[in-house]
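Notes to accompany the following structure.
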Amino acid sequence: FIFALPAVLLLLLGSIFGSQAAPVPGVTVGQLFVAGMIAGGIMSTSFQYLGIAVTAERDQGMLKRLYGTPMPHTAYFIGKIVQVFVCMVAEITLLMIVGVAFYHLHLPSSAGRWWTFGWVCVLGCAACSLLGIAVSSLPRSARSASPMITLPFLVLEFISGVFIPFTSVPPWLQRVAAVFPLKWMAQGLRSAFLPASAAAAEPARAWEHGKVALVLAAWIAVGLMVCVRTFRWQNRRG
């Protein structure tokens, strides 16, 4: 469900609004949707998935049993990283195929744009994965994990320019979104897929690559510190 939902939403939203003109010439709303949806797909396969899955594994006692085996504790996290990376690549590939096939998405046209695409995806995935592991300590059970994690994630998608153009978001909500990594992931991906003229539609009238990298790196540091301090191998009842 987590893997398929971004592609389904892209098809639905793109079918309804995809042919409309975006705030900048030469770009359609459908092209904006693809760039934003790829960012949302990265966060869903990392933050949302890990937040729910790790909570469920802890609630079922799987983490407690793994903790008692000779397996190095780092092996569990390495396995999760590999799983998230594979799912992220598959998610991005699927969304790019849909975007090219139905919404006239233009793939990055230069090595520099592919480099931007790559580092935004890697930094965004790392930040969201650490945040997903961090928030997995909040729900008290597997039953409460899905609403506690999915609801704020959906709100963040709406205010970060994933489901609607970022310019349509009220300014005060734009400032809220700017605190979190998803807005910067979507902006970085737009810079890789859209023409340079599309930067005029951004709040700063520029792609701000340095700021994108700084914010994502900061969230990686914050997520790592929170994970180290809060991760538990057994639930609170244990």
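Which of the residues spanning segment 177-204 are among the polar types (S, T, N, Q) and open to solvent by less than 40 Å² (accessible area, probe 1.4 Å)? It would help to see each step written out before you state the result.
Here is the first cut: in segment 177-204, the residues among the polar types (S, T, N, Q) are 187, 191, 197.
Hits for segment 177-204 are Gln187, Ser191.
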Check on Pro139, touching a helix residue (DSSP H, G or I) at 6+ places or on another chain (Cβ under 9 Å), within 16 Å of Phe231 (Cβ to Cβ), of a type outside the set (S, T, N, Q) and not in a helix (DSSP H, G or I) | yes
Matching residues in segment 78-99 - criterion: being hydrophobic (A, V, I, L, M, F, W, C), open to solvent by less than 80 Å² (accessible area, probe 1.4 Å) and either touching a residue at least 40 places away in the same chain (Cβ under 8 Å) or touching a Phe, Trp or Tyr at 6+ places or on another chain (Cβ under 7 Å) (or both) | Val84, Cys87, Met88, Ala90, Ile92, Leu94, Leu95, Met96, Val98
Residue that is touching a residue at least 24 places away in the same chain (Cβ under 8 Å), closer than 30 Å to Gly14 by Cα, of a type in the set (A, V, I, L, M, F, W, C) and part of a helix (DSSP H, G or I), where the choices are Ala134, Ala186, Ala217 = Ala186
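Report, by residue number, each residue of segment 199-212 that is touching a residue at least 40 places away in the same chain (Cβ under 8 Å), touching a Gly at 6+ places or on another chain (Cβ under 8 Å) and within 17 Å of Ser160 (Cβ to Cβ).
Listed by number, the list holds a single entry, Val212.
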Scope segment 12-47; condition surrounded by fewer than 22 Cβ atoms within 10 Å (Cβ to Cβ), over 17 Å from Ser168 (Cβ atoms) and at pLDDT 75 or above; matching residues = Leu12, Ser15
Restricting segment 100-155 to residues that are of a type in the set (Gly, Ala, Ser) and within 19 Å of Ala196 (Cα to Cα), which is most open to solvent (accessible area, probe 1.4 Å)?
-> Ser109
Is it true that Glu208 is on the phi > 0 side of the Ramachandran plot and surrounded by 14 or more Cβ atoms within 10 Å (Cβ to Cβ)?
-> yes
Requiring at least 2 residues that are closer than 23 Å to Phe153 by Cβ, the helices (runs of 4 or more DSSP H) wholly within segment 1-94 are 5-17, 29-43, 49-59
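The values are calculated or read from the model by the stated rules, or taken from the named source; none is laboratory data. A quick note: this is a predicted structure, and the numbers were derived from the prediction, not measured. In this analysis, Cβ positions are derived from the backbone assuming ideal geometry, glycine residues included, and neighbour counts consider all displayed protein chains. Surface areas here come from the heavy atoms of the whole protein model, side chains and all, with no ligands, DNA or RNA. Shrake-Rupley method; radii C 1.70, N 1.55, O 1.52, S 1.80 Å.
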